[in-house]
Amino acid sequence: MEKPRFKVIIIGASISGLTLAHCLDRAGIDYVVLEKHHDIHPQLGAGICLLPNGVRILEQLGIYTAMESMFFTDRFGRSFSCLERRDLLKKLYTELRDKSRVHVASKVVGISTDEFGISVETEIGTVYHGNLAVGADGVHSIARSEMWRVAAIQEPGLITDKEKSMICAEFSGVFGVSNPIRGVKNWQSVTYYGEGLTILVLPLRENSVFWLVISKLDRKYVYPNIPRFSRGDARCICEPLASTSIWADVKFGDLWERRRAFNMSALEEYMFEVWHYGRIVCIGDSVSKIAPNSAQGASMAIEAAAGLSNMLRKLINGGKGLGKPSYLEINAMLHRFNRAQLQRLEDIHTDSHFLVRFQASNGLLARAYACMAPYPRDFMTDGIVRAVTGAMILDYIPLTGYSGKEWRPLTMGETLVRAKTYYRFVRLLSVTSIILVPVLLSWLVFLQFPI
């Protein structure tokens, strides 16, 4: 008689959730996906970017070939793309081998767990039973809330109030996609720097354009008091920018007039320390949100799905999908996963946090850095290379040359000289200047007018 299979309940048909479904399918692990919306790919968010570290996992999964026409070639010789979020979700869903495992209109309202299994209840009363619940349900994660609730009952104080208040926002973003502008072809990536304002413009296929307007909020907001924004709020931000020159003879108003989709949201920034408790683990935006300037959000979500599936496969009976690891074994595995993700994301979060403020010239140090930014040439690009070449992959599907098998990580010397030390040097120089300039001025005044 066949042993009962280990089953994973994925909460949220997001980028991380659907990628995890593909990873588990290839690993031979049973799963089900619960999505609260009636549509797998609703018009939520406008565009996203995928860097090569995310793309090569999609290539490992066999999804890349169905999306190849959407991508561009970058300095890695691999692919880079900006595309509409719903297009990526649609591809992830249509390429699933068993779509019957994905259940829409299945909003999760509660999770109960014990030493032997987990039960997930939906709004319509259906209860799903399994061995592990994975929250891939975004910023307003019910899985994370339930994880905190269970932890508070079983181990009070484990999830601190400080941890729960880590979600904050100091910037907002208007995301948009515009139809082609007549006579304008071969768009390049463009960044407009303003006082407390950044406009990012990136090419899509067929000369369409993805754009993002990032602006400083009036103050720092903490979840759950982060404001929500309407399309009217987005218009108030974008319409005054109509005369702003973007590229060649193109003004922002040209993009705004040709918009086909747009929305506005707060740009939350956070990385929780605790990603799991008991039989619940969270990935993607439910535990880690990166400012969009670094373009790493989607790729990091894909990496997290790959990293979790690697560890699950090793745990579950040699990857055959049979057998039931013990509660302690599952927790030990989740602890290793949690630690690996924090190590991977630490520098990326630090760089992203600084970049969004630098590009909006926010703060004295950022303004000082902006004055020096044109001179380091490839330093910032090498920082991106460092993040990409240190990426996770699926360790049970062979890499090909096409998917980055021969990528050479930056050496310690290259990393030290070209990236982190440069950032630290500039910050140190800026702080030193702020301290020494007033002292020097005071000294000159004293020389001119001695007491």
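The values are calculated or read from the model by the stated rules, or taken from the named source; none is laboratory data. Owing to the predicted nature of the structure, the values given are computational and were not obtained by experimental measurement. All Cβ positions, even for glycine, are placed from backbone atoms using ideal geometry, and neighbour counts span all protein chains on display.
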Open item on the list: Residue pairs, Cβ under 7 Å, 6 or more apart or interchain, first in the range 146-171 and without any contact (Cβ under 8 Å) to a residue 40 or more places away in the chain, second hydrophobic (A, V, I, L, M, F, W, C) and assigned to a helix (DSSP H, G or I). List them.
Closed with: 164/148
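In the set 189, 243, which member is over 30 Å from residue 166 (Cα atoms), in contact with a Leu (Cβ under 7 Å, 6 or more places away or on another chain), polar (S, T, N, Q) and not assigned by TED's automatic domain parsing to the domain that holds residue 84? If you could, list the steps in order and put the result at the bottom.
Working: 243 fails: in contact with a Leu (Cβ under 7 Å, 6 or more places away or on another chain).
Answer to the selection: 189.
Mind checking which residues of the range 329-340 are in contact (Cβ under 8 Å) with a residue 12 or more places away in the chain and more than 18 Å from residue 389 (Cβ to Cβ)? Even if it seems obvious, please write down each step before you answer.
Going through the range 329-340, the residues in contact (Cβ under 8 Å) with a residue 12 or more places away in the chain turn out to be 329-331, 333-338, 340.
329, 330, 331, 333, 334, 335, 336, 337, 338 - these are the residues of the range 329-340 that are in contact (Cβ under 8 Å) with a residue 12 or more places away in the chain and more than 18 Å from residue 389 (Cβ to Cβ).
With respect to residue 138, is the statement that it is on the phi > 0 side of the Ramachandran plot and surrounded by 14 or more Cβ atoms within 10 Å (Cβ to Cβ) true? Talk me through it step by step, then tell me what you get.
Details: on the phi > 0 side of the Ramachandran plot: yes; surrounded by 14 or more Cβ atoms within 10 Å (Cβ to Cβ): yes.
It is true that residue 138 is on the phi > 0 side of the Ramachandran plot and surrounded by 14 or more Cβ atoms within 10 Å (Cβ to Cβ).
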TODO: Go through (1) modelled with pLDDT under 90; (2) of a type outside the set (Val, Ile, Thr); (3) within 25 Å of residue 27 (Cβ to Cβ); (4) crowded, with 18+ Cβ neighbours inside 10 Å one by one and return the number of the condition residue 351 breaks.
DONE: (3)
Task: Residue list for the range 89-148, restricted to those being charged (D, E, K, R) and within 25 Å of residue 57 (Cβ to Cβ) - done: 90, 91, 95, 97, 98, 99, 101, 137, 144
Open item on the list: Checking the structure you have, find out if any residue of the range 234-243 is outside any strand (DSSP E or B) and on the phi > 0 side of the Ramachandran plot.
Closed with: no
- [ ] Filter the range 53-88 down to residues that are among the basic types (Lys, Arg) and at pLDDT below 70 and give me whichever is farthest from the chain's Cα centre (by Cα).
- [x] 75
Task: Options 266, 291, 242; residue that is of a type outside the set (Lys, Arg) and in contact with an Asp or Glu (Cβ under 8 Å, 6 or more places away or on another chain) - done: 291
